[in-house]
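Below: one structure, written as structure tokens.
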Amino acid sequence: MKRATIQLCTYNRAPLLARVLDACFDQTTPGDEYEVVLVDDGSSDETPAVIETARARASCAFVVVTQRNAGLATARNAGIARASGEQIIFIDDDVLPLPNFVEEHLRAHARRPRAIVRGGAIEVADLDYLPPPIWSIKNYSGNYFWTTNVSAPLATIREIGGFDESFSEYGWEDIDVGLRLRAKGVRAVFHPAALVYHYKPRPRTANVDKMIAQARAQARTAVRLIRRHPNWRAYLATGVNPVQRRFHAMLRAMRVDERLRKRLSGAGDRELLPREARAARALANDAYFDELERALRS
């Protein structure tokens, strides 16, 4: 076995994927000690060409799985099936690992061999202008198992059956894995030195409808999550609790969404101003809770 597997899935992000794969190959860990397992989840852009170019640059074992578009949970399981690392490190296709990324995950696992290791992430809006690689508390995420940057023993992930493929829409498939691991007594440690840059571009006017559609999909999978995990952690994380539901019901009764949409009116595709970006996020949040009520009734 390799010491580690970097596992990522991709869908129609060819320009970004090239940068991500380069960062995965540019590691201080010797190339014969780790591998990269990529699952192309039915991309229709230039992803195949990017992958072929990456093969020539790969400085470690590079395994590619190509499948029809089936969603992230199914793609993750395809990657898990092909992995051969003692530790499997999950990242996303919008994440740039630092050169010591694999080394730091392995360092943390040497101290806690059976644990989940959560790495640090710095959100950036531009990959050409990266801030110093210094993690701070403003970038903290309390997620127990967040596939932007997390690792665990491959055997442990396989023992719980990997990802639940009934999470076919956007969201919560990694939280489900974390809740199942927590229920089995698997401890999590935070190791910010295993650091990545997480690409979060500033929203544009053309992105607003996609943000809303994604929020509605996430609400539907939130209901799936709480039905599998009817406990306070899931209810708090998803917003399925009386306080948040009543608050957003009040906002909908006041037709706050109509006022938010007026702030976003205008022609052309352009970067949203800060106040417009706040309005877009609030509109997506409103759509999430509206869809949540629909899904709870179904």
When restricted to Pro201, Pro230, the only residue surrounded by fewer than 17 Cβ atoms within 10 Å (Cβ to Cβ), in contact (Cβ under 8 Å) with a residue 12 or more places away in the chain and either among the polar types (S, T, N, Q) or over 30 Å from Arg107 (Cβ atoms) (or both) is Pro201
task = For Tyr170, indicate whether it is assigned to a helix (DSSP H, G or I), surrounded by fewer than 19 Cβ atoms within 10 Å (Cβ to Cβ) and either in contact with a Leu (Cβ under 6 Å, 6 or more places away or on another chain) or among the hydroxyl-bearing types (Ser, Thr, Tyr) (or both).
result = no
Only one of Val223, Val208 is buried (at least 18 other Cβ atoms within 10 Å of the Cβ), touching a helix residue (DSSP H, G or I) at 6+ places or on another chain (Cβ under 8 Å) and closer than 23 Å to Ala70 by Cβ, namely Val223
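Condition check ((1) crowded, with 20+ Cβ neighbours inside 10 Å; (2) part of a strand (DSSP E or B); (3) touching a residue at least 40 places away in the same chain (Cβ under 8 Å); (4) among the polar types (S, T, N, Q)) across all residues:
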| position | (1), (2), (3), (4) |
| --- | --- |
| Gly31 | no, no, no, no |
| Ala54 | yes, no, no, no |
| Thr66 | no, yes, no, yes |
| Ala70 | no, no, yes, no |
Those residues of the range 174-198 which are assigned to a helix (DSSP H, G or I), surrounded by fewer than 18 Cβ atoms within 10 Å (Cβ to Cβ) and in contact with a strand residue (DSSP E or B) (Cβ under 9 Å, 6 or more places away or on another chain) amount to Arg182
Going through (1) hydrophobic (A, V, I, L, M, F, W, C); (2) free of Cβ contacts under 8 Å to residues at least 60 places away in the same chain; (3) buried (at least 19 other Cβ atoms within 10 Å of the Cβ); (4) in a helix (DSSP H, G or I) one by one, Ala110 fails only at (3)
Filter pass, Phe163 being modelled with pLDDT under 95, in contact with an Asp or Glu (Cβ under 7 Å, 6 or more places away or on another chain), in the same structural domain as Ile137 (by TED's automatic domain parsing) and surrounded by 20 or more Cβ atoms within 10 Å (Cβ to Cβ)
no
query: Ala4: touching a His at 6+ places or on another chain (Cβ under 8 Å), surrounded by 20 or more Cβ atoms within 10 Å (Cβ to Cβ) and within 26 Å of Ile116 (Cα to Cα), yes or no?
result: yes
Only one of Ala277, Ala222, Ala282 is in contact with a Pro (Cβ under 7 Å, 6 or more places away or on another chain) and either within 24 Å of Asp94 (Cβ to Cβ) or without any contact (Cβ under 8 Å) to a residue 24 or more places away in the chain (or both), namely Ala277
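The values are calculated or read from the model by the stated rules, or taken from the named source; none is laboratory data. Bear in mind that the values here come from a model prediction, so they are computed numbers and not experimental data. All Cβ positions, even for glycine, are placed from backbone atoms using ideal geometry, and neighbour counts span all protein chains on display.
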